[in-house]
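**Student:** I'd like to ask you about the structure that follows.
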Amino acid sequence: MDGVKAAKKRKLTDKSIPNALSQLPEFAQDSKMYQSLLEMERKLDWTMMRKRVEVQDALARNPTTTRTLRVFLSHTVSGQTWQVGETDGEGETVNFETGQGIPAWSLKVEGRLLEVPNQRSRDKVAPRKFSTFIKRMIVELDRDPILYPDGNIVEWPRPQGVQPPLDGFTIRRTGDQPTRIRMLMHLEQSPEQYKLSPELAHILAIKEESRIGVIQALWNYIKMNGLQDKVDRRRIRADDYLRPIFGAETIVFQQLPELVNRYLMPPDPIVLHYTVNPGVAPPERPSAWDIDIKMEDVNLKSRMAVTVQSSKESLQDLSKLDDEIALLAQSLHNSHTKRVFLQSFADDPAKFVQTWLESQSRDLESILGSGPSEGATVRAEELRRSDFFRLPWVEEAVAIQEGMRLASKQ
């Protein structure tokens, strides 16, 4: 029973048509078209598989893109002389505990990621908060430390724990004197960017790049200048520019990443300058700066993931169509076999019957034999002998056959 179940579950996979049928003149054109479709299907399957592997490889490397981060700087003032003068003249009571009435100003640092132009609405995702792009920020206030000792350097490192992202920061200080502000921002980029040393930057003509990008640029330089050894492809020869970098005449290819790490430095921070003048009204519009930042391309990654992950419904439809084609091909095989059988009988009935009887005799001999050595033991001479029909199994076989015949009549 297990063999029967396995045979029922086995799928037909052969979708080819018989060669004898394809060579017939009446089916030649249709057969040629069908074979062309099968060849096209094989090429398409191979191309799709290769592209799927390429997309999976690209997903493993996390595709990146360059986006624009717009930073806004603005300030507000309170308790200033020109503001107090606008009141009814009674003045404002100064409360040193709450800070009410003390001249002060507040600096606001905000930012947002600009949207991609001509982006489809279904590809839009929730924008990231400004603080997620900042690895570390330092704000330097150019003020007299004796007159204003309440901290002229403000530093914001990204917290290690789980902290809610922020749209911006606010720095509040007391004072009524103009203050020049210098802001240094270390960006959080993906992949992480590095600054190249002057020696390597001069050779590769790049100032800042990721570690993988630097290695790829160096490898391109090696290939363009033919520095790979022609005998031992693992070794790289140094030219006049790379000799100070390598420190030797040749190096092994596996040493390139370690060599590149020696000439990578932390990138320079983004420096912004701003001036707060509490003596006048703040500008109506904030000052803005656009900064290019490299980050993971979420939209491209999602579209690539869709191409790799085939839907269950489409796979079921394709499997159903393949089963139908294989079933039709098998039916065509059976029809061709019947046609050849009947055509042979129609052409020469006597020869056909003789050939058929010989075939049945050979089949009977194979059935009666119980092993490879006994399969050919039944011969015509043995069938002519009456002793052959007195063997023990003959009586049992006749009884079974007669019982089946009587049962069919009843």
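Just so it is clear, none of the values below were taken in a lab; they were calculated from the coordinates. Quick caveat: nothing in here was measured; it's all calculated off a predicted structure. Methodologically, a virtual Cβ is constructed for each residue, glycine included, from the backbone with ideal geometry; neighbour enumeration extends over all protein chains shown.
**Student:** Residue separation times 0.36 nm, minus the C-alpha to C-alpha distance between residue 227 and residue 366: what's the value?
**Tutor:** Numbers: separation 139, 0.36 × 139 = 50.04 nm, distance 7.20 nm.
In short, 42.8 nm is gained.
**Student:** Using a 10 Å cut-off around each Cβ, can you sort 265, 295 from fewest to most neighbouring Cβ atoms? Could you put the intermediate results ahead of the total?
**Tutor:** On the way: 265 10, 295 19.
If I rank by nearby Cβ atoms, fewest first, I get 265, 295.
**Student:** Please find the FRET efficiency linking residue 396 to residue 206, where r is the Cβ-Cβ separation and R0 is fixed at 60 Å, and quote it to the nearest 0.05.
**Tutor:** Working: r = 92 Å, r/R0 = 1.53.
For residue 396 and residue 206, the calculated efficiency is 0.05.
**Student:** I've got another one for you. Using every Cα-Cα pair within the stretch 240-335, state what percent have a distance larger than 21 Å.
**Tutor:** Pairs farther apart than 21 Å: 75 percent.
**Student:** Once amide H atoms are placed 1.01 Å from N in the peptide plane, what residues at a sequence separation of 5 or more from residue 242, or on another chain, have their amide H within under 5 Å of its amide H?
**Tutor:** none
**Student:** Another question, then. Per 5 Å bin, what is the whole-percent P(r) computed from every C-alpha pair distance within the stretch 208-262?
**Tutor:** Per 5 Å bin, starting at zero, the Cα-Cα P(r) for the stretch 208-262 comes out as 4, 20, 33, 28, 12, 3, 0 percent.
**Student:** Just to verify a number: FRET efficiency for residue 50 and residue 289, C-beta to C-beta distance, R0 = 35 Å, to 0.05?
**Tutor:** Numbers: r = 44 Å, r/R0 = 1.27.
Step by step, r from the Cβ atoms, then E = 0.20.
**Student:** Estimate the FRET efficiency between residue 144 and residue 199 by the formula 1/(1 + (r/R0)^6), using the beta-carbon distance for r and 41 Å for R0, to the nearest 0.05. Each step should come with its number before you reach the end.
**Tutor:** Details: r = 43 Å, r/R0 = 1.04.
Calculated value: 0.45.
**Student:** Please report Rg (one decimal) and Dmax (integer) in Å for the Cα set of the stretch 14-63.
**Tutor:** 17.7, 56
**Student:** May I pose another question? I need to check one value: relative contact order of the chain, counting alpha carbon pairs closer than 8 Å and at least 6 residues apart, in percent. Display every interim value, and only then the final one.
**Tutor:** Numbers: 449 pairs, mean separation 85.8, N = 410.
Across the chain, relative contact order equals 21 percent.
**Student:** Pulled fully out, how much extra length does the chain show between residue 26 and residue 240, if you take 0.36 nm times their separation in residues and subtract their Cα-Cα distance? Intermediate values should be presented prior to the final figure.
**Tutor:** Details: separation 214, 0.36 × 214 = 77.04 nm, distance 7.35 nm.
Fully extending the segment from residue 26 to residue 240 adds 69.7 nm.
**Student:** May I pose another question? Report the full-extension gain for the segment residue 66 to residue 188: residue separation times 0.36 nm, less the Cα-Cα distance, to one decimal in nm. Don't skip to the end; give the middle numbers.
**Tutor:** Numbers: separation 122, 0.36 × 122 = 43.92 nm, distance 1.28 nm.
Stretched fully, the residue 66-residue 188 segment lengthens by 42.6 nm.
**Student:** Local charge sum around residue 73 (other residues, Cβ-Cβ under 12 Å, Lys/Arg +1, Asp/Glu -1)? List each step's numbers first, then the result.
**Tutor:** On the way: positive: 70, 108, 182, 285; negative: 110.
Residues near residue 73 contribute +3 overall.
**Student:** Quick check for me: using +1 on Lys/Arg Cβ and -1 on Asp/Glu Cβ, what's the dipole size of the chain about its Cα centre, in debye to the nearest 20? Walk me through the numbers before you get to the answer.
**Tutor:** Numbers: 57 positive and 58 negative charges, 177 e Å.
Approximately 860 debye in magnitude.
**Student:** Continuing with the same structure: Compute the projected area of the convex hull of the Cα atoms of the chain, averaged over all viewing directions, and report it in nm² to one decimal place. The partial results should precede the final answer.
**Tutor:** On the way: hull surface 194.8 nm².
Averaging across all directions leaves 48.7 nm² for the Cα convex hull.
**Student:** Order of 400-408, 27-35, 341-349 by packing, highest average Cβ count within 10 Å first? Please report the intermediate quantities before stating the final value.
**Tutor:** Working: 400-408: 9.1, 27-35: 13.0, 341-349: 11.0.
Descending packing order for the listed peptides: 27-35, 341-349, 400-408.
**Student:** How many nm is it between the label spots at residue 341 and residue 298, if each spot is 7 Å from the Cα in line with the beta carbon?
**Tutor:** That separation, rounded to one decimal, is 6.6 nm.
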